[in-house]
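Q: The structure's right below; bear with me while I get my questions together.
The values are calculated or read from the model by the stated rules, or taken from the named source; none is laboratory data. This is a predicted model, so every value here is computed, not measured. A quick note on method: Cβ atoms are made from the backbone with ideal geometry, for glycine too, and the neighbour counts reach across all protein chains shown. Just so you know, the surface numbers come from the protein's heavy atoms only, side chains and all, with ligands and any DNA or RNA stripped out. Shrake-Rupley method; radii C 1.70, N 1.55, O 1.52, S 1.80 Å.
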Amino acid sequence: MFALDVAAHTGPWRSRHPAEKALLSLGLLVCAVALPTWPGALLSGGAAALLLAGPARVPPGVVLRAAWVPLLFVATSTVPLLVSMPAPTRLAVDPAGLPLAAQTAGRSVAALTCLLLFSATTPLSDVLPRLHRLGIPPAVTEVAALTYRMLFLLVDSVRAVRQAQAARLGFRTWRTAYRSLAGQAGAVFVRAFSRARRLEEGLAVRGYTGSLAVQVEEYRVSVPFVVATTALLGTIITVTIRVATPW
Amino acid sequence: MHIAEGYLPPEQAAAWFVVSAPFVIHGSRALVRQVRRDPDSKLLLGAAGAFTFALSALKIPSVTGSSSHPTGTGLGAVLFRPPVMSVLGGIVLLFQALLLAHGGLSTLGANVFSMAIVGPWVAYGSYTLVRRGGGGLGPAVFAAATLGNLATYCVTVAQLALAFPDPVSGLVGALAKFGGIFAVTQIPLAISEGLLTVLVIRLLSRI
Amino acid sequence: MVSAPLLEFVGVGFAYQPKHPVLTGVTLRIEAGQRLAVVGPNGGGKTTLFRLAAGALRPASGQIAVTGSPVRHSRAGLRALRQQVQLVLQDPDDQLFSANVWQDVSFGPVNLGLPAEQVRRRCDAALAALGVSAIADRPTHLLSYGQRKRVAIAGAVAMRPRLLILDEPTAGLDPAGVETLLQTLHDLHAAGTTVVLSTHDVDLAFRWADAVAVVSGGGVRTVPTADGLADGPLLAAAHLAPAWAPLVHRLLDRIPDLAGTRPHAAAELAALLDNTAPGGRPPQGTGAHRDHGNGDDACGAVAAP
Amino acid sequence: MVSAPLLEFVGVGFAYQPKHPVLTGVTLRIEAGQRLAVVGPNGGGKTTLFRLAAGALRPASGQIAVTGSPVRHSRAGLRALRQQVQLVLQDPDDQLFSANVWQDVSFGPVNLGLPAEQVRRRCDAALAALGVSAIADRPTHLLSYGQRKRVAIAGAVAMRPRLLILDEPTAGLDPAGVETLLQTLHDLHAAGTTVVLSTHDVDLAFRWADAVAVVSGGGVRTVPTADGLADGPLLAAAHLAPAWAPLVHRLLDRIPDLAGTRPHAAAELAALLDNTAPGGRPPQGTGAHRDHGNGDDACGAVAAP
């Protein structure tokens, strides 16, 4: 349903330990954001792009479709950086803004690539039950896991209801379209809470008394992967500091 | 309107985490207490989170031709109250970042502040004020959803302006620039969300 | 005179994901006035076929035509299609989104822009046809599953389609619910609607349909009911068990007293056996409704003792 | 020696709303090793009966006992009950709370407080028994309906219950899916689990169950399968159609060549007819699996030509 989620569940890195993938992609993400953009973001973003296309084998279409909306945001919000406002009623194109615009857009695109490397390789169901090890209360991670399970059912409902409404000409005019949208939201609301009630009954039968603890599959942490990741991050950091620091 | 991954400079991205953290921690404590009192509320909270996420699958037709989705902060705040929304909103924004690449991890603090904290509080406040002032359910919900959405938009603009002040006119100029470029889509969208939320609440109050 | 079929697929292909086609080169004719049962394995493409017919999906290749005119997927084209063809999904909750039954059924007619009086008349008629007039002002989410199914069908019927397509309408209903629904479909058909339904119950298909479309392996083969449901290899390819009724007919023909009788439901066979039992029990009426509409397989009446 | 039944209801009554009792004075014995099919109309109380048996509802009157000990509805009592009795609901999405198959199946054993190694062994065994080991690391939301059903059953099987109750396990499955599921239930039964299921398909009940419990009008009547599914008035009272198979057996006994043969599925009858057709077609294996477990109705083998 969500191409990134499907990629994460079917890709060659499916059975890697989520911590390995987090170290790699979130490490690159931190480098992209926190190091001097030139050359830090270029190196981290470039590494993430190569990893996406190479070993992680994420289809380029999946990446591009997911990147479209954030790229639109980046493009729109970079325009004000290229424009200056010398007086409240005057706008002027400001070539001096170009370096900042390029730096910001470059950092954002690089960081986005790193984010995609994480989300296209790491299923959330592997991550959420392990988050309590970071000190997040189990009640919160269990609510998050239930949200993750149920959102697919509900997004499915939204789509099905939208199709059914279209079949009965629900989007013919603006007026009917608003009525239809309210119908979708209302139907999904009712569905969400009837799902919760039914799941409550279904879990009662399974012996639920307050804990939703489960056993997570054990993935062995690959030492070579961690060593290679550390080396990659170390190289990016060293090179960036060397290049960016004036002698 | 989600600030994209990596768009904010690192110090500012970190600062928004610090600003949001107390609200989210307070909300989490409230959630943990509620779940301890009533274990079944875990399922209701999961459903509320999933519902909030699913609202982003609604496609509002917009005047600019592109379609956009409601923030759901107004509806969520009225139905589930702001403290819970800070946690649920945080979870939903995390999922939107990871499943859809809307928003990001480095900008999560900033987006949580605008969409899961300020938006719901403004929505809830407007709702309460209109109701106390003798307004009907419809106007109260309209105010909540429209102002909640607008507040989110204004906070996002302020976050961008703080990060990128205008070289000549400073913060004020940046507010005008960022505010202007997103106003075209965001103001009609806020009104749309208001109207839609009224219809939804009417529908729900009838069943 | 050879007229164009009500709905026609010519060489239609469709895939949700580029490399996994669900349907490949489907050719199918649905004639006006037909009763067609669509059978086939889960995941075999029945629902996809229906979504294509209703304009909810656009074929990747080939052409779909309604009464001879190709379907256009423009706004106007889809609007025209939707006044001819209505699809009722398997899960009624996917189609019910209004506060109460009346509002839900009126959704389509209101969207057509009809005047209030006509909307009312259409809703009344649709609710009556489905036997749910008495629950018109009830909230949809408080109805039983069977009631929700009927309300979802009423919503489609209120659009007055020429072709009504139902995806697994009998799934989840008990035998009495199935009988009532078949009676309703019989009445809608008698009133001029062409009805297509999908089912896993080959005996139901046998006793209800004129023709059977077997969907499997990406293709569709349409055969007259009696032939299709006695065609072992065809059924096996579609992972279907044979129907009892045509086998029972073969058995009956080997019993001199009963040769030529054509019961289409187990209840009819029970009545037949009780009436002709060697011991000679007194005859009993079956009371159950059923259709005898298989054009090329005229039903013998239940034999008298 | 008369031993206590595995599960026993004595005079059990239940009502969701005070004045509308769903069950009144139900008496029911489920013996260890039995295969019981529960049939009856929708809304007749089958699911309520199951929820009572699983301890999810508390009877308003009467008593429920497991191997002779009355069920207590305390935390400890329910905990003990759930290690004996597991219920699988009709809609798998009502029981699958985790987005990951392995995690979901592990919930019960983890909740029992078992050490990690035992949890793993139980999950492996349950996934293998249901034939879903290969999808253990798949997300629930990418599974087909049939796969989700199997995972939900695996979650119950991982609790190692003595009694496994399944509400409409074959609803929504295609005939091939039904056959595979019956094979699985057959294996679980052979491994020592007592299995109870509800179904609308009387022919399925006929060919699978030792005994049939008919739930209607607030009461339950248990009868041996062959008697129950040939009992017209009993079935009519429960809004059920008769099964084909027992009627076909009566027909077969009137054909000298075929007297005494006992096909339990249409495919078996088809094979029988092809093998003994007057024209004498070559014999064909049916290939289909089925049970011949009706104790008091021993199945004749399919006759050779």
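Q: Over all directions, average the projected area of the Cα convex hull of chain C and note it in nm².
A: Details: hull surface 72.9 nm².
If I average the Cα hull's projected area over directions, I get 18.2 nm².
Q: Helix D:75-84: angle to the longest alpha-carbon principal axis of chain D, degrees 0 to 90, nearest 10?
A: Once rounded, one gets 30 degrees.
Q: Rounded to a whole number, what % of the accessible area of the protein assembly as shown do carbon and sulfur atoms account for, probe 1.4 Å? Show your work: numbers first, answer last.
A: Working: 24680 of 40920 Å².
Looking at the protein assembly as shown in its full context, I get 60 percent from C and S.
Q: Something else: I'd like the FRET efficiency for residue A:90 and residue B:191, computed as 1/(1 + (r/R0)^6) with the beta carbon distance as r and R0 of 22 Å, rounded to 0.05. Don't jump to the answer; show the numbers that get you there.
A: On the way: r = 30 Å, r/R0 = 1.35.
Rounded to the nearest 0.05, the efficiency is 0.15.
Q: From the C-alpha gyration tensor of the protein assembly as shown, pull out the three semi-axes of the equivalent ellipsoid (sqrt of 5λ each), sorted largest to smallest, in whole Å.
A: Equivalent ellipsoid of the protein assembly as shown: 56, 34, 28 Å, largest first.
Q: Let me ask something else about it. Write down the accessible area per residue of the stretch D:24-91 in Å², having rolled a 1.4 Å probe over the full set of protein chains. Can you show the working numbers first?
A: Details: 2710 Å² over 68 residues.
I get 40 Å² per residue for the stretch D:24-91.
Q: Quick one: check the C-alpha center-to-center distance for the stretch D:73-107 versus the stretch C:236-273, whole angstrom.
A: The stretch D:73-107 and the stretch C:236-273 have Cα centres spaced 43 Å from each other.
Q: Hey, how many Å between the Cα centroid of the stretch D:119-136 and the Cα centroid of the stretch B:76-107?
A: 35
Q: How many Å² of accessible surface get buried when D and C come together, counting both sides, probe radius 1.4 Å, rounded to the nearest 100? Could the numbers behind the result be given before it?
A: Details: alone 14540 and 14550 Å², together 25970 Å².
In total, this chain pair buries about 3100 Å².
Q: For labels at residue D:133 and residue C:19 in the simple 7 Å Cα→Cβ model, what's the distance in nm?
A: Computed distance between label sites residue D:133 and residue C:19 equals 2.7 nm.
Q: Rolling a 1.4 angstrom probe over the protein heavy atoms, how many square angstrom per residue are accessible across chain B? Display every interim value, and only then the final one.
A: Values: 7270 Å² over 207 residues.
Each residue of chain B exposes 35 Å² on average to a 1.4 Å probe.
Q: Hey, got the average number of other protein chain Cβ atoms within 10 angstrom for residues in B:103-110? Show your work: numbers first, answer last.
A: Working: counts 4, 8, 10, 11, 5, 0, 0, 0.
So the per-residue partner count for this stretch is 5.
Q: Based on Cα coordinates alone, diagonalise the gyration tensor for the stretch A:52-176, multiply each eigenvalue by 5, take square roots, and list the semi-axes in whole Å, largest first. Don't skip to the end; give the middle numbers.
A: Working: eigenvalues 254, 151, 59 Å².
Each semi-axis is √(5λ); the values are 36, 27, 17 Å.
Q: Follow-up. Taking only protein heavy atoms into account and a 1.4 Å probe, give the accessible area per residue of chain A in Å². Show your work: numbers first, answer last.
A: Numbers: 10290 Å² over 247 residues.
It amounts to 42 Å² per residue over chain A.
Q: Also, I was wondering about something else. Relative contact order for chain D: what percent, with Cα pairs under 8 Å and sequence separation of 6 or more?
A: Values: 546 pairs, mean separation 60.5, N = 305.
So the answer I get is 20 percent.
Q: Work out Dmax and Rg for chain A from the C-alpha atoms and quote the Rg first, both in angstrom.
A: 23.0, 71
Q: Given a Förster distance of 30 Å, report the FRET efficiency between residue A:19 and residue A:159 from their Cβ-Cβ distance, rounded to the nearest 0.05.
A: So, using R0 = 30 Å, E works out to roughly 0.30.
Q: Return a whole-number percent for the relative contact order of the stretch D:105-207, with Cα pairs under 8 Å and 6 or more residues apart as the contact set. Don't skip to the end; give the middle numbers.
A: Details: 92 pairs, mean separation 28.9, N = 103.
Relative CO of the stretch D:105-207 lands at 28 percent.
Q: How big is the dipole moment of the stretch A:130-205 about its Cα centre under a simple scheme where the beta carbon of each Lys and Arg is +1, that of each Asp and Glu is -1, and everything else is neutral? Debye, nearest 20, please. Intermediate results must be reported in sequence, preceding the final value.
A: Numbers: 13 positive and 4 negative charges, 77 e Å.
Value, rounded to 20: 360 debye.
Q: Report, in degrees rounded to the nearest 10, the 0 to 90 angle that the Cα long axis of helix D:145-157 makes with the longest principal axis of chain D.
A: With rounding to tens, the tilt is 60 degrees.
Q: Same structure, new question: Please compute, for peptide A:121-127, the average count of beta-carbon atoms on other protein chains lying within 10 Å of each residue's beta-carbon. Display every interim value, and only then the final one.
A: On the way: counts 0, 1, 6, 7, 12, 5, 2.
Across A:121-127, the average partner-chain Cβ count within 10 Å equals 5.
Q: Continuing with the same structure: Could you give, in nm with one decimal, how far residue C:190 is from each other copy of that position, shortest first, with labels 7 Å out from Cα toward Cβ?
A: 5.1
Q: Along the positive direction of the dipole of the stretch A:130-205 (beta-carbon charges: Lys, Arg +1; Asp, Glu -1; about the Cα centre), which of A:132, A:160, A:171 reaches farthest?
A: A:171
Q: Let me make sure I get this right: for the stretch A:116-239, a, b and c are the square roots of the gyration tensor eigenvalues over alpha carbons, sorted descending. Under 1.5 in a/c it's rounded, otherwise prolate if a/b > b/c, else oblate. Which is it?
A: Oblate shape, in that a/c is at least 1.5 and b/c is the bigger or equal ratio.
Q: Which residue, D:206, D:226, D:155, has the largest displacement toward the positive end of the dipole of the stretch D:131-270 when charges sit on each Cβ (Lys, Arg +1; Asp, Glu -1)?
A: Of the listed residues, the answer is D:155.
Q: Any idea which of A:56, A:199, A:244 is furthest toward the positive side of the dipole for chain A, if Lys and Arg beta-carbons carry +1 and Asp and Glu beta-carbons -1?
A: The listed residue farthest towards the positive side: A:199.
Q: Oh, and also: Could you order D:26, C:110 by accessible surface area, starting with the largest, using a probe radius of 1.4 Å? Before the final figure, lay out each step's value.
A: On the way: D:26 0, C:110 60 Å².
I get C:110, D:26, largest accessible area first.
Q: May I ask you to report, in nm to one decimal and beginning with the shortest, the distances from residue D:72 to the same position in the other copies, taking label points 7 Å along Cα-to-Cβ?
A: Result, one decimal in nm: 7.6.
Q: Rounded to the nearest 5, what is the percent of antiparallel bridges among the DSSP beta bridges in the protein assembly as shown?
A: Details: 48 of 80 bridges.
Restricted to the protein assembly as shown, the bridges split so that about 60 percent are antiparallel.
Q: Rounded to the nearest 100 Å², what is the sum over both chains of accessible area buried where B meets A, with a probe of 1.4 Å?
A: Values: alone 10490 and 15900 Å², together 20380 Å².
Buried surface at the B/A interface: approximately 6000 Å².
Q: Mind putting a number on the dipole of the stretch D:30-92 about its Cα centre? Charges go on the C-beta only, +1 for Lys and Arg and -1 for Asp and Glu, and I need it in Debye to the nearest 20.
A: In debye, rounded to 20, the stretch D:30-92 gives about 240.
Q: Mind pulling the angle between the C-alpha long axis of helix C:116-130 and the longest principal axis of chain C? Nearest 10 degrees, somewhere in 0 to 90.
A: Roughly 20 degrees, rounded to the nearest 10.
Q: Any idea of residue C:227's accessible area? Nearest 10 Å², probe 1.4 Å.
A: 90
Q: Assuming 0.36 nm per residue, please report the length gained on full extension of the stretch residue B:37 to residue B:132 beyond their Cα-Cα distance. Please list the in-between numbers first.
A: Values: separation 95, 0.36 × 95 = 34.20 nm, distance 3.07 nm.
Using 0.36 nm per residue and subtracting the Cα-Cα distance, I get 31.1 nm.
Q: What's the FRET efficiency of residue D:118 with residue A:219 using the Cβ-Cβ distance as r and R₀ = 22 Å, to the nearest 0.05? Write down the numbers at each step before the final one.
A: Details: r = 20 Å, r/R0 = 0.93.
Efficiency, from the Cβ-Cβ distance: 0.60.
Q: Within a 10 angstrom radius of each residue's Cβ in B:195-205, how many Cβ atoms of other chains show up on average? Whole number is fine.
A: Numbers: counts 3, 6, 2, 2, 8, 8, 4, 3, 12, 6, 1.
Average per residue, whole number: 5.
Q: Accessible area drop of at least 40 Å² (1.4 Å probe, protein heavy atoms): which residues of the stretch A:163-182 qualify, relative to the chain alone?
A: A:163, A:164, A:167, A:168, A:169, A:172, A:174, A:178, A:179, A:181, A:182
Q: Just for chain D, what percent of DSSP beta bridges are antiparallel, to the closest 5?
A: Numbers: 21 of 37 bridges.
Taking every DSSP beta bridge within chain D, about 55 percent pair in antiparallel fashion.
Q: Could you work out the Kirkwood radius for the stretch A:191-240, taking every pair of different alpha carbons, averaging 1/r and inverting it, reported in Å? Don't skip to the end; give the middle numbers.
A: Working: mean 1/r = 0.0652 Å⁻¹.
It is 15.3 Å.
Q: For chain A, modelled as a Gaussian network with Cα springs under 10 Å, which listed residue fluctuates most, A:143, A:190, A:127?
A: Highest fluctuation of the listed residues: A:190.
Q: Less than 15 Å Cβ to Cβ from residue C:26, Lys/Arg counted +1 and Asp/Glu -1: what total charge do the surrounding residues give? Numbers along the way, then the final one.
A: Details: positive: C:29, C:46, C:51, C:58, C:221; negative: C:8.
Charge balance near residue C:26 sits at +4.
Q: Mind checking the dipole of the protein assembly as shown: about its Cα centre, +1 per Lys or Arg Cβ, -1 per Asp or Glu Cβ, Debye to the nearest 20?
A: Working: 87 positive and 68 negative charges, 628 e Å.
Using only the charged Cβ atoms, the result is roughly 3020 debye.
Q: Sticking with this one: Using protein chains only (no ligands, no nucleic acids) and a 1.4 Å probe, work out which residues of the stretch D:138-175 have their accessible area cut by at least 50 Å² relative to the chain alone.
A: Listed in order, they are D:141, D:142, D:174, D:175.
Q: Run the simple label-point estimate for residue D:75 and residue A:131 please: 7 Å along Cα→C-beta, distance reported in nm.
A: Modelled inter-label distance: 2.7 nm.
Q: Just to verify a number: what accessible area does residue D:167 come out at with the full protein assembly present, 1.4 Å probe, Å² rounded to tens?
A: Estimated to the nearest 10 Å², residue D:167 gives 10 Å².
Q: I've got another one for you. Write down the Kirkwood hydrodynamic radius of the stretch C:1-146, to one decimal in angstroms, obtained as one divided by the mean of 1/r over all alpha carbon pairs. Could you put the intermediate results ahead of the total?
A: On the way: mean 1/r = 0.0574 Å⁻¹.
It is 17.4 Å.
Q: Can you give the percent of C-alpha pairs in the stretch B:75-207 whose distance is more than 19 Å?
A: Working: 4840 of 8778 pairs.
Here the long-distance tail beyond 19 Å is 55 percent of all Cα pairs in the stretch B:75-207.
Q: Then there is this: State, as an integer percentage, the relative contact order of the stretch A:130-205 based on alpha-carbon contacts under 8 Å between residues 6 or more apart.
A: On the way: 22 pairs, mean separation 19.1, N = 76.
Dividing the mean separation by the residue count of the stretch A:130-205 yields 25 percent.
Q: Also, I was wondering about something else. Filter C:46/D:46; B:59/B:177; C:46/C:149; C:46/D:149 down to the pairs with a C-alpha to C-alpha distance above 24 Å, please. Working shown, then result.
A: Values: C:46/D:46 31 Å; B:59/B:177 27 Å; C:46/C:149 19 Å; C:46/D:149 20 Å.
Over 24 Å apart, Cα to Cα: C:46/D:46; B:59/B:177.
Q: Roughly how many nanometres apart are two label points built 7 Å out from the Cα toward the Cβ at residue D:144 and residue C:65?
A: Rounded to a tenth, the inter-label distance reads 3.5 nm.
Q: Further question: Just to be sure I understand: chains C and D are related by a rotation, so which residue of C has its Cβ closest to that axis, and how close in Å?
A: Result for the C and D rotation: C:244, 2.
Q: Taking a label point 7 Å from Cα toward Cβ, how far is residue D:134 from its twins in the other copies, in nm, shortest first?
A: 5.1
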